[in-house]
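The values are calculated or read from the model by the stated rules, or taken from the named source; none is laboratory data. Not measured: the values here are computed from a predicted model. Positions of Cβ are generated from backbone atoms using ideal geometry, with glycine treated the same way; all protein chains shown enter the neighbour counts.
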Amino acid sequence: MPSHGWNAALYLENGHLFLGKGFGARQARGGEAVFNTGMTGYQEIFSDPSYSHQVVVLTSTQVGNYGINPEDTESETLLLKGVVAREYFSEPSNWRAQQNLGDYLEKSGVPGISEVDTRRITQILRDEGAQRSIIFPIEKETRTEIQAKAQTLLGKIPAMEGLELVSQVSCKVPWEFDEKKNKSRNTLGTMVVYDYGVKWNILRSLSERGFKVRVVPYQMPHQEVLKEKPAAVCLSNGPGDPARVPSAIHEIQGILGKLPVLAICMGHQLLARALGGETYKLKFGHHGVNHPVQELETGRIMITSQNHGFAVNADSLPQKDVKISLINLNDRTVEGFVSTTLRFSSIQFHPEAKPGPSDANFLFDNFLKGFVK
Amino acid sequence: MPKRTDIKKILVIGSGPIVIGQACEFDYSGTQACKALKEEGYEVVLVNSNPATIMTDPIFSDRTYIEPLTVPYLEDLIQRERPQALLPTVGGQTALNLAMALHKKGILAKYGVVLIGADEVAIEKAESRELFKKVLTKVGVDFPKSGEAKTLEQALEIVSQIGFPCVIRPSFTLGGTGASIAFNIEEFQVECNRGIEASPVGEVLIEESVLGWKEFELELIRDRKDNVIVVCSIENIDPMGVHTGDSITVAPAQTLSDVEYQRMRDQALAIIREVGVDTGGSNIQFAIHPKTGRMVAIEMNPRVSRSSALASKATGFPIAKIATKLAVGYSLDEIPNDITQKTPSCFEPSIDYVVTKIPRFAFEKFPRSDARLSPSMKSVGEAMAIGRTFKESLQKALRSLEVTWSGLNVLQERRQIKTEEGWVEGIKNYIQTPKPDRILWVAQAFREGISVEEVYSLTAIDPWFLRQIQEITIEEKEIRNWSGKLPEVSEMMMRSWKRIGFSDKTLSEILNTTEESVRAHRYALRVLPVFKCIDTCAAEFESSTPYFYSTYEEVGDKVNHSGKKKIMILGGGPNRIGQGIEFDYCCVQALFALEDEGFESIMVNCNPETVSTDYDMSDKLYFEPLTLEDILHVIESEKPAGVVVHFGGQTPLNLSRKLAKLNIPILGTSAQAIEVAEDRDKFRALCSCLGLRQPESVVVSDPDRVIEAADQLGYPLLVRPSYVLGGRGMEIIYNSRELQKWLRKKHEITEDSPLLMDRFLSNAIEVDVDAICDGEQVLIVGMMEQIHEAGVHSGDSACSLPPITLKKSIQEELERQTRLIALDLKVKGLINIQFAIESDTIFIIEVNPRASRTVPFASKARGVPYAKIAMKVMLGKKLHEVEIPAVSMDLVYVKESVFPFKRFPETDIILGPEMRSTGEVMGVGKTFGEAFGKATLASGYPLPLTGTAFLSVKDADKGACLQIAKELVNLGFDLVATKGTADFLSRRGVSVRPVNKVNEGRPHIVDHIKNGEISLVVNTSALGVHEVGAAYELRRNTLMRNLCYFTTVAAARAGVQAIAEHKRVPLSTHCLQERSL
């Protein structure tokens, strides 16, 4: 039988209470509850810094099946606040598995709750919007007592809108990414990556293509970056509200037009703001690996990996230099824009995948072809 | 891209009769395709030889042909119809092969027909192993090492490079027929010889074995803009080595991380692009080594398949429909998602539940057949179940199968396990071989304390699945603590058990109480399921799809109610021999009637292959096991005004009494009437009261009285144990010695399980009459004369509509008796009566107050949707109020059965009282001979018009054989016969050469057959008696060489007529829509 088993509760801001079984760290943690509809990839999701301060509800019902392996990790530490699953398995089965999910979460102090109706929770988040939530252990309290406790605990959880998280997750000092020790292949020069909470697979994707990858803190003055004469700059993904990172926006503005820029996810939203555009909060965000995105120029459709709660307002972007290049076919929101004059390519979703389909990998190559080589 | 306007008329080819490997799923895909094409305004020409299909209902296409699926017939109708395009991808391998044959013969080019969906080049690339390997090499996808051989020498050379174990696959056979595994050189030689023989091109593929590897399938769709999506991933619980159709499978894949899954997806995309399936669905199979993760591609189907039907039902994404729209020019982004209606179809469904499919087998019908599962598919049907977790979905699937299992039961039949080596060792031995009931023995292994690791090493079933099964058995132990203490079981406990998927029945067995008590207590605790919706998107978007499954969660999804009166139709469950597509046809027709009459229709079924489980066919679809427990939940939630049990075959009918007892309103014929027809004594009383005759019979419960009773009744006799249905265990006994032998071999006779013996009407003609009764009036639907003599199960016999030999007076008397019974039973709806006529005396064999297997055949033959009319009558309409189309009746229609003998090489092909056919075809002609000939051809056996006929008949048939022999000579055939038959014939002036039987020295008849010197075989023997030795070898060889053969004189007589007619008249095809008056 599963080794987990402590009683746990999940409480959503709007007053919904779910009782289930805990796994991972036996402690109270909370954050904005979002759902993810991917059927594989929990390890990548959980280790993605963009999920900082969030509680992830997995709609796929069987969680933990293939365990955790050393290779599929997207960052050093887990920054999410909690995991919600229909059923959790503590005994994985996969030739690469080295650890079970519960132990992995426990080590980072992340609680999980299982045996709850994740479909119902997803519907609540869909209908009422993403909201704050808390997972906590319970003993023999009555439902009313649990509810009261939940409200107290929830009081300490900040709302996502207006939350600045980048400073917490960004690296403190610049570092060089060289996972595969393939320095010899650094033929394209340096790519400076502004770290807003970067996923390693962005770094891998750049490194594999021949860049020397240098990760820098989000506040690194643009003058210093320009001094290094990199081949290009990448604005990474990351958590929180893009409107709350003015310093990052300031640095981006200093680089625009001077170096080719590849912006992804949070980086994309920050770039939009740097251009004077607006971002807004989506009702329940895009979190999954099955979103159809169309490249407007070619009509090509790719199934993409997505994870964002905010989006760029298309009308707010300057018409002169910027062209919308990618749209989401489900809700027609902006998924990307480009500028040939200012030499940037900006992508709302995750072309680096992990988790999710690799359909959009070619966008890295297009960036290379268009602005670097 | 908008749809193509250069095409106006499109030919769709169906998959023909239901056979193992090609079943209802192609009726589902074909029906979807026809609907989609009509919706787009194309003129649809459909050809399929199978009259039991829904797609051949004239409403689905503009021009419908029920004709043999052969090149000459196809050419004839292409010439007549002149379609501009042919859609070959929705009719299984049959349609694909036929399309390629038409292409290779230049017929498509000649008439300017283009292939849409997949073109010649793509089909060739995916189907030819050599070209497919090239594709894989080009896109860098690994595959098992292999080589092709046409001789044993070549084969031995290949295996020296590949090593053991290896797989031997005969080239170009349907559904992997004849594939096998060899572990040593001796087996290898046997299998290679067998394979070369089974292959139509005399070639085998020898492949590196990936036995025990994890097995996966991806269902993909590609459009002409090169957009590709993966609709569903499927993981097989049974590892490689078992045909995927015979495996228990699960969606979505459970044991792959994202990296591994995406690698598989990337490779699949690369393959489909390189093969160049432009527009449509495909399926690609992969194997992964469980320890190293090495992944190889196994095969690809460039068409919709059984798996795509499963994937469609599992995700709510209608693959065949979308593939069809893509084939006529649309791209994925132009087609809205049916279910959300807000998002386009170019997305990959996300599912928030687990789907389990379990195959159903029929080994018991094929004596001596080996119940070992292999790469050659043997299952005849499947059940699918949906649950939030694997455990729930597995247990639901197990009880959906209707093989007496209610979950992971402790099997009572312990004799499968050889206990000489000890019980536990016996189980360990047993589970090493994949068999239909292996999963239950795996559970038993865990109950006996065997570890997951050990079971894994014995079965190669992934430990993740094993652990789930083990956890179920651990939970059983917990439950057992409450044995005898049901009233003390708390709500929380009961809920936790139900969440794991335990049925009330299983719980009652563990708790040592009755199913009713468990249910009563559970209801008292208010532990009831909710219904969740299948929405393709894991609740990300709002949807109002009326496609539901039950589960134990706190809140269900919103179920809309139209406000109309609701009628619920219970389907037929998994296909099995005796209950299949015919009943699905009836259910779907009933759904149409409900729509016509303004009712809200609710469908309940668990067979993923069917049209009835297309969410488009009913107002609401509940994908649920057809057990009382699960049906009651739906009834309580929906509160229908009436439940219909008469269209789904025996499955729902068996539930009718229990439902009636609970005061559930059953529409149409009452449960009491059903009981009268099914209860032997009550029915006997009814017959005698109406002055109708039945064959004399006797029930014996004292074993010592059997012989005496039999002597009194007189031989031959039909014997059967009382508990059987559908001819199970029935045998014809010719004398007391045989009876004694049968008694010794078969079973005990007790008070509870008496023996039934009927006088067997040996030379009788059997007739099936279907009728509709509204309580006052009776409409005769069809009177079908069976071609084979009595003793051959009516489901196996060919039959003719109208009757061919019955006198008018007999026909009238049959109609009178039908009316009498229908009115007396107060039938409201369909009734089927089987009669036997012996020297002008009519006997009633059986009455079924429900839709029968012959309803679709009769409906197609007479151009009237009888099941739909019956439903209207059940809703309260009178027959005179229902519009019945008038059609011309100047053609003869013959139904012929199709048998799976090739898949059961150990089995004799002789027919008997036990039904063994899986499907049927229809032949249409101006004369009986023409129609019978076409039916024979459509069933897969081309009628020879010249050559040498071989005759060997049992003594009782010799007289009848004389006439047949004479006619064959007149038709220009040379005759050879075994000694007895030859003597008999030559003494009567027929020119015939004697030939050795297999045990009479060489050359013998099998040598002649193998040398291709024989074109027709007439070989009769005692009905239902399975022989070994000479006769068996003769019939086997006849079968494997696809020779036209007849195993009864009646059939041979019909065959001779057919040959005569086919020599006389040119080939003709008939369009169903042209018959309207």
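Residue pairs whose Cβ atoms lie under 8 Å apart, separated by 6 or more positions or on different chains, with the first residue in region A:119-143 and away from chain B (no Cβ under 13 Å) and the second among the small types (G, A, S) and outside any strand (DSSP E or B), are A:R132/A:A159; A:I134/A:A28; A:I134/A:A150; A:I135/A:A28; A:F136/A:A28; A:F136/A:A150; A:P137/A:A28. Confirm whether B:A155 is surrounded by 18 or more Cβ atoms within 10 Å (Cβ to Cβ), aliphatic (A, V, I, L, M) and over 19 Å from B:S15 (Cα atoms). Yes, satisfied. Among the residues of region B:424-441, is any farther than 28 Å from B:A287 by Cα and of a type outside the set (A, V, I, L, M, F, W, C)? Yes: region B:424-441 contains one or more residues that are farther than 28 Å from B:A287 by Cα and of a type outside the set (A, V, I, L, M, F, W, C).
So for region A:233-252 (the condition being of a type in the set (K, R), assigned to a helix (DSSP H, G or I) and over 21 Å from the mean Cα position of the chain (by Cα)), does at least one residue qualify?
No - not one qualifying residue is present in region A:233-252.
Counting just the residues of region B:524-551 that are in a loop (DSSP other than H, G, I, E, B), within 34 Å of the chain's Cα centre (by Cα) and more than 10 Å from chain A (Cβ to nearest Cβ), which one comes out surrounded by the most Cβ atoms within 10 Å (Cβ to Cβ)? The qualifying residue surrounded by the most Cβ atoms within 10 Å (Cβ to Cβ) is B:I534.
Scanning region A:23-39 for residues that are surrounded by fewer than 24 Cβ atoms within 10 Å (Cβ to Cβ) and touching a Phe, Trp or Tyr at 6+ places or on another chain (Cβ under 6 Å) yields A:R26, A:A28.
If the condition is being outside any loop (DSSP other than H, G, I, E, B) and either crowded, with 24+ Cβ neighbours inside 10 Å or free of Cβ contacts under 8 Å to residues at least 40 places away in the same chain (or both), then region B:559-575 contributes B:I567, B:M568, B:I569, B:L570. Taking the listed residues B:G212, B:G276, B:G280, B:G202, the one that is within 27 Å of B:D462 (Cβ to Cβ) and modelled with pLDDT under 95 is B:G212, with no other qualifying. Highlighted here are the strands (runs of 3 or more DSSP E) found entirely within region A:274-352 that include at least 1 residues which are acidic (D, E), within 22 Å of B:I221 (Cα to Cα) and modelled with pLDDT of 95 or more: A:279-295. Among the residues of region B:959-985, those identified as buried (at least 19 other Cβ atoms within 10 Å of the Cβ), under 19 Å from B:I910 (Cα atoms) and not β-branched (V, I, T) are B:C961, B:A977.
Note on region B:957-1042: enclosed helices (runs of 4 or more DSSP H) holding 1 or more residues that are of a type in the set (S, T, N, Q) are B:958-970, B:979-987, B:1030-1040.
Yes/no per residue for (1) over 30 Å from B:I18 (Cα atoms); (2) assigned to a helix (DSSP H, G or I); (3) among the hydroxyl-bearing types (S, T, Y):
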position: B:A383; (1), (2), (3): no, no, no
position: B:I386; (1), (2), (3): no, no, no
position: B:L394; (1), (2), (3): no, yes, no
position: B:E402; (1), (2), (3): no, no, no
position: B:L411; (1), (2), (3): yes, no, no
position: B:K418; (1), (2), (3): yes, no, no
position: B:E421; (1), (2), (3): yes, no, no
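Counting the residues of region A:54-63 that are over 20 Å from the mean Cα position of the chain (by Cα) and either more than 9 Å from chain B (Cβ to nearest Cβ) or part of a loop (DSSP other than H, G, I, E, B) (or both) gives 1.
Of all residues in region B:255-263, none are over 31 Å from the mean Cα position of the chain (by Cα), outside any loop (DSSP other than H, G, I, E, B), surrounded by fewer than 21 Cβ atoms within 10 Å (Cβ to Cβ) and away from chain A (no Cβ under 11 Å). Among the residues of region B:335-355, those that are within 7 Å of chain A (Cβ to nearest Cβ), assigned to a strand (DSSP E or B) and in contact with a helix residue (DSSP H, G or I) (Cβ under 7 Å, 6 or more places away or on another chain) comprise B:P344, B:V354. Among residues of region A:322-339 that are closer than 19 Å to B:T340 by Cα, those with a Cβ under 8 angstrom from a residue that is among the basic types (K, R), sequence gap 6+ or separate chain, pair up as A:N330/B:K342. Looking only at residues in region B:445-493 that are closer than 21 Å to B:V410 by Cβ, more than 13 Å from chain A (Cβ to nearest Cβ) and of a type in the set (S, T, Y), the one that is surrounded by the most Cβ atoms within 10 Å (Cβ to Cβ) is B:T459.
The test for being of a type in the set (V, I, T) and either under 30 Å from B:Y1032 (Cα atoms) or within 14 Å of chain A (Cβ to nearest Cβ) (or both) holds for B:I386.
Quick grid of which residues meet (1) exposed (fewer than 14 other Cβ atoms within 10 Å of the Cβ); (2) touching a Phe, Trp or Tyr at 6+ places or on another chain (Cβ under 7 Å); (3) modelled with pLDDT of 95 or more:
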| position | (1), (2), (3) |
| --- | --- |
| A:T118 | no, no, yes |
| A:L125 | no, yes, yes |
| A:G129 | no, yes, no |
| A:I135 | no, no, yes |
| A:K156 | yes, no, no |
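For the criterion of being closer than 30 Å to B:G863 by Cα and at pLDDT below 95, B:Q579 passes. Among residues of region A:144-158 being of a type in the set (D, E, K, R) and assigned to a helix (DSSP H, G or I), the one that is nearest to the other protein chains (Cβ to nearest Cβ) is A:E145.
The set of residues in region A:78-103 being more than 13 Å from every other protein chain (Cβ to nearest Cβ) and under 28 Å from B:K291 (Cβ atoms) consists of A:G102, A:D103.
For region A:7-45, the candidate set comprises residues that are part of a strand (DSSP E or B), within 13 Å of chain B (Cβ to nearest Cβ) and of a type in the set (F, W, Y); within that set, the residue that is nearest to A:R126 (Cα to Cα) is A:F35.
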